[in-house]
Amino acid sequence: MDVALLVVQYIGIVAFSISGTLVAIKKRTDSLGALIFAMLTAFGGGVTRDLILGRPIGLLWSQEYRYMALVSIAISLIGFHLALVPQVAAFLRRHEHDTVLELADAIGLASFCVSGVDVAISVSGTDNALLLIFCGCITGVGGGILRDICSAEIPALFRKHVYCLPAVGGTILYVYTYGVLPHIASMLIAIVLIILFRMLACKFKWNLPAPNGGEETTETP
């Protein structure tokens with residue numbers, strides 16, 4: 001596996017494992033629940049992508065993905081048990097949605113959108129731009145959708161701070177700069193764009209129009 005792709009995937013695994021664990025803590029699950037939330041968030045999108053591409057599911061067949069799974073498990077269990085410490089629990093209650101959770105989600109989204117495109121290119125080449133964009137987006141948002149469904153929430157993709165638009169925009173940019181710019185440069189530009197767009201949307205509460213001009217009534221991950 002390409003070193004740059006491997007690094008980006010590890011960044012995404014760490015970020016989404018943190019995100020899934022924070023949601024589990026908010027929902028007051030036990031340690032097994034935290035582990036499942038972290039794994040769903042970190043690997044749900046990649047598994048969906050692999051099924052669409054008709055390739056072996058990396059989590060089951062690839063040694064690199066097994067190492068990533070171990071990293072996800074470690075982060076989840078350490079994060080869950082740290083949250084039992086009163087000072088850490090108080091910090092999470094104050095800042096989880098404003099800082100840690102949103103930033104982890106943005107980093108995971110950006111990393112997985114880019115890595116999803118790279119995996120799709122390795123399978124199908126660069127001829128089908130629509131397939132590459134779709135695989136990048138589903139890798140980025142798929143795990144979060146599964147996490148939100150399991151936590152009995154409407155997925156953020158459908159309601160919160162234009163969640164999908166940064167993924168689509170950054171993925172399109174990456175697909176069309178792939179091979180034009182150096183690989184690392186196109187990766188970094190797309191990742192920075194997605195993270196910046198997501199965090200600005202969270203800060204300024206950018207949302208798509210809702211029926212009757214309705215505003216979201218609760219902040220959910």
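Observations
- Sequence-ordered 3J(HN,Hα) estimates for segment 138-155 from the Karplus curve with 6.51, -1.76 and 1.60 and θ = phi - 60° stand at 5, 5, x, 9, x, x, x, 4, 4, 4, 5, 4, 5, 9, 6, 10, 5, x Hz, glycine and proline given as x.
- Using the empirical formula 2.2 N^0.38 Å as the baseline, the Cα radius of gyration of segment 110-155 reaches a ratio of 1.30.
- Crossing angle, helix 164-177 versus the chain [Cα axis fit, 0-90 degrees, rounded to tens]: 20 degrees
- Segment 108-221: C-alpha pair distances exceeding 16 Å, %: 59 percent
- Under the simplified labelling scheme, the Leu6-Leu77 pair shows an inter-label distance of 2.4 nm, with each label point 7 Å from Cα along Cα→Cβ.
- Peptides 55-62, 73-80, 5-12 ranked from most to least packed give 5-12, 73-80, 55-62, packing being the mean of other C-beta atoms within 10 angstrom over each peptide's residues.
- When His161, His81 are sorted by how many other C-beta atoms sit within 10 angstrom of their C-beta, beginning with the fewest, the order is His81, His161.
- The local environment of Gly33, defined by Cβ-Cβ distances under 12 Å, has a net charge of +3 under the rule Lys, Arg +1 and Asp, Glu -1.
- Mean ellipticity per residue at 222 nm, deg cm²/dmol - from DSSP H runs of n ≥ 4 across the chain, formula -39500 (n - 2.57): -25000 deg cm²/dmol
- Förster radius 22 Å - calculated FRET efficiency between Leu53 and Ile184 (Cβ-Cβ, nearest 0.05): 0.40
- Kirkwood radius for the chain, taken over all pairs of different Cα atoms as the inverse mean of 1/r, rounds to 17.4 Å.
- Going from the residue with the fewest nearby Cβ atoms within 10 Å to the one with the most, Arg66, Arg28 rank Arg28, Arg66.
- Nearest-0.05 FRET efficiency for Asp127 and Lys27, computed from C-beta distance (R0 45 Å): 0.55
A short reminder: the numbers here are calculations on the coordinates, not readings from a lab. Please read all numbers here as calculations on a predicted model, not as lab measurements. Positions of Cβ are backbone-derived with ideal geometry, glycine not excepted, and every protein chain shown enters the neighbour counts.
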